[in-house]
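Written out below as structure tokens is the structure these notes cover.
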Amino acid sequence: MSRQFFVSGNFKMNPISRAQKKIIINELNAADLDSNTEVVTVTIPPSPEGYRAYTGEISPAQLADAGVPYVILGNAHLPNHAAPFNTTSKPKLALDGSLPVILCVGEPLQEREAGQTTRAVEKELRALVTVLNESDGIVIAYEPVWAIGTGKVAITAQAQGVHAYIRQYLSTAISTTVSDNTRIIYGGSVTASNCKEFSSQIDVDRFLVGGASLKPEFVDIINVRRN
Ligand code: PGA
């Protein structure tokens, strides 16, 4: 398999001070991290409008110029998460502006319980595949909405099933090259103690980590292959 593993911290509005953020970043910089894993920390979603003279928004071009490595779109912890621009216009704007994207997809509990998981995920992917080019290198994060920040974790077989479904969908809707090359990562209450089991699944190319990315255990999650 040629895909490089990918682990992203999702700091959200944490930590509260620059001093605390520095401690976390210094610890990460000092740690011996698996060189086969791409590691990023990202928090900022761009404006849904591209460039406009809007107060309080930031454009994809500004983020790209600032060297932001990835933007997270579609995350269930975004304000207006359900608004269609989060999975439709924002990915296109970001990709057009050469801003790499982590797109989160995942079902709410009701849909999981009604057996509608893949339908919900496919609905979110449909807009993406119309704007994605072979060279875009998007990362897709499968994040069941009911597992984010709740301490509830999908069982590994559930996650592998949805990841395999997403890969199959990309293959049919775009190409086998995109399907083979796209990193599909899992998010939702990932910790140092549950990450090993997920990482044994063939289509789980590692993690999007919220709460645990602020703790020393983030290093163990990044280095899961070695532990
Ligand atoms: P969590 O957050 O790891 O705290 O569940 C994941 C996310 O929101 O991306």
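The values are calculated or read from the model by the stated rules, or taken from the named source; none is laboratory data. Here the structure is a predicted model, which is why all the values come from computation and not from measurement. We place every Cβ from the backbone using ideal geometry, glycine too, and count neighbours over all the protein chains shown.
Within segment 1-20, how many residues turn out to be farther than 25 Å from residue 103 by Cβ and either touching a residue at least 24 places away in the same chain (Cβ under 8 Å) or basic (Lys, Arg) (or both)?
Residues that pass the stated criteria total 2.
When you go through (1) at pLDDT 90 or above; (2) over 16 Å from residue 6 (Cβ atoms) one by one for residue 138, which number turns out not to apply?
(2)
In this structure, does residue 211 turn out to be touching a Pro at 6+ places or on another chain (Cβ under 7 Å) and either surrounded by fewer than 18 Cβ atoms within 10 Å (Cβ to Cβ) or among the small types (Gly, Ala, Ser) (or both)?
So residue 211 fails the test.
Quick check on residue 154: is it modelled with pLDDT under 95, of a type in the set (A, V, I, L, M, F, W, C), surrounded by fewer than 20 Cβ atoms within 10 Å (Cβ to Cβ) and touching a helix residue (DSSP H, G or I) at 6+ places or on another chain (Cβ under 8 Å)?
No.
Would you say residue 169 is at pLDDT 95 or above, hydroxyl-bearing (Ser, Thr, Tyr) and within 12 Å of the ligand (Cβ to nearest atom)?
no
Hey, which of the strands (runs of 3 or more DSSP E) in segment 1-108, taking only ones fully inside, have at least 2 residues that are at pLDDT below 90?
Ranges flagged: 71-73.
Name the residue, out of 171, 179, that is without any contact (Cβ under 8 Å) to a residue 12 or more places away in the chain and of a type outside the set (Phe, Trp, Tyr).
Testing whether each residue is without any contact (Cβ under 8 Å) to a residue 12 or more places away in the chain and of a type outside the set (Phe, Trp, Tyr) leaves just 171.
Identify all residues within segment 93-132 that are touching a residue at least 60 places away in the same chain (Cβ under 8 Å) and either more than 16 Å from the ligand (Cβ to nearest atom) or among the hydrophobic types (A, V, I, L, M, F, W, C) (or both); write none if there are none.
The answer is 102, 104, 105.
I want to confirm something. Restricting to segment 179-202 and keeping residues that are in contact with a Gly (Cβ under 9 Å, 6 or more places away or on another chain) and not β-branched (Val, Ile, Thr), which single residue is farthest from the ligand (Cβ to nearest atom)?
That would be 181.
Find the residue count for segment 133-152, including only residues that are of a type outside the set (S, T, N, Q) and over 16 Å from the mean Cα position of the chain (by Cα).
3
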